[in-house]
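Here the structure is laid out as structure tokens; the discussion comes afterwards.
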Amino acid sequence: MARAYSASEVLAKKVPSIPFEGRWREAFGEPGRAGVWLIWGQSANGKSSFAMQLARELCKYGKVAYNSLEESIGLSFQENMERCQMGDVDGRFLILDRESMEDLNIRLKKQRSPDFIIIDSLQYTGLNYNDYKRLK
């Protein structure tokens, strides 16, 4: 049986977080460093643009890998990078061109692996629920 915690134990626990500032803090507060964010919406509603803006912000707090499964690294991806001025975070931003989930798992097990992973987009991963839980 798993251990039960008291309220005071949980409240005293130091949970690593992302100390967002400005509009990011207004929108999301100070989220935990561990977890999954799902960006959902209709096609052409700005999901990839938002994901790139989030990637740029996350570069302030660690190394970010962006796995471009849907678009690859074509013209629209390059334009999105330019709009978000991703050249400014070069060295903290790693672009994965349609990297398989198997290869991503291998990458994440290495020393100095990225702190944050963005997968654009989930439906191109081929993951079932159990695969997703293992990746998470």
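A short reminder: the numbers here are calculations on the coordinates, not readings from a lab. From a predicted model like this one, the values you see are computed outputs, not experimental measurements. Virtual Cβ from ideal backbone geometry, glycine too; neighbours counted across all protein chains shown.
Of L104, L127, which residue is surrounded by 13 or more Cβ atoms within 10 Å (Cβ to Cβ), part of a helix (DSSP H, G or I), of a type in the set (A, V, I, L, M, F, W, C) and in contact (Cβ under 8 Å) with a residue 12 or more places away in the chain?
Details: L127 fails: part of a helix (DSSP H, G or I).
After applying the criteria, what remains is L104.
For region 42-71, which positions are closer than 18 Å to R83 by Cβ, out of contact with any Leu (no Cβ under 9 Å at 6 or more places or on another chain) and among the small types (G, A, S)?
A44, G46, S48, S49, A51, A55
So is Y124 under 15 Å from the mean Cα position of the chain (by Cα) and among the hydroxyl-bearing types (S, T, Y) or not?
The answer is no for Y124.
Within the group E26, E71, which residue is of a type in the set (D, E), over 26 Å from R112 (Cβ atoms) and in contact with a Phe, Trp or Tyr (Cβ under 6 Å, 6 or more places away or on another chain)? Step through it out loud before you land on a result.
Numbers: E26 fails: in contact with a Phe, Trp or Tyr (Cβ under 6 Å, 6 or more places away or on another chain).
After ruling out the rest, the residue left standing is E71.
Right, S76: out of contact with any Phe, Trp or Tyr (no Cβ under 8 Å at 6 or more places or on another chain) and hydroxyl-bearing (S, T, Y) or not?
Working: out of contact with any Phe, Trp or Tyr (no Cβ under 8 Å at 6 or more places or on another chain): yes; hydroxyl-bearing (S, T, Y): yes.
In short, yes.
If you scan region 42-98, which residues turn out to be in contact (Cβ under 8 Å) with a residue 40 or more places away in the chain, surrounded by 14 or more Cβ atoms within 10 Å (Cβ to Cβ) and within 26 Å of S17 (Cβ to Cβ)? It would help to see each step written out before you state the result.
Initially, region 42-98 is screened for residues in contact (Cβ under 8 Å) with a residue 40 or more places away in the chain, giving 47-48, 51, 54-55, 58, 61-71.
Cutting the leftovers down to surrounded by 14 or more Cβ atoms within 10 Å (Cβ to Cβ) gives us 47-48, 51, 54-55, 58, 61, 63-71.
Once the filter is applied, which keeps residues that are in contact (Cβ under 8 Å) with a residue 40 or more places away in the chain, surrounded by 14 or more Cβ atoms within 10 Å (Cβ to Cβ) and within 26 Å of S17 (Cβ to Cβ), region 42-98 yields K47, S48, A51, L54, A55, L58, Y61, K63, V64, A65, Y66, N67.
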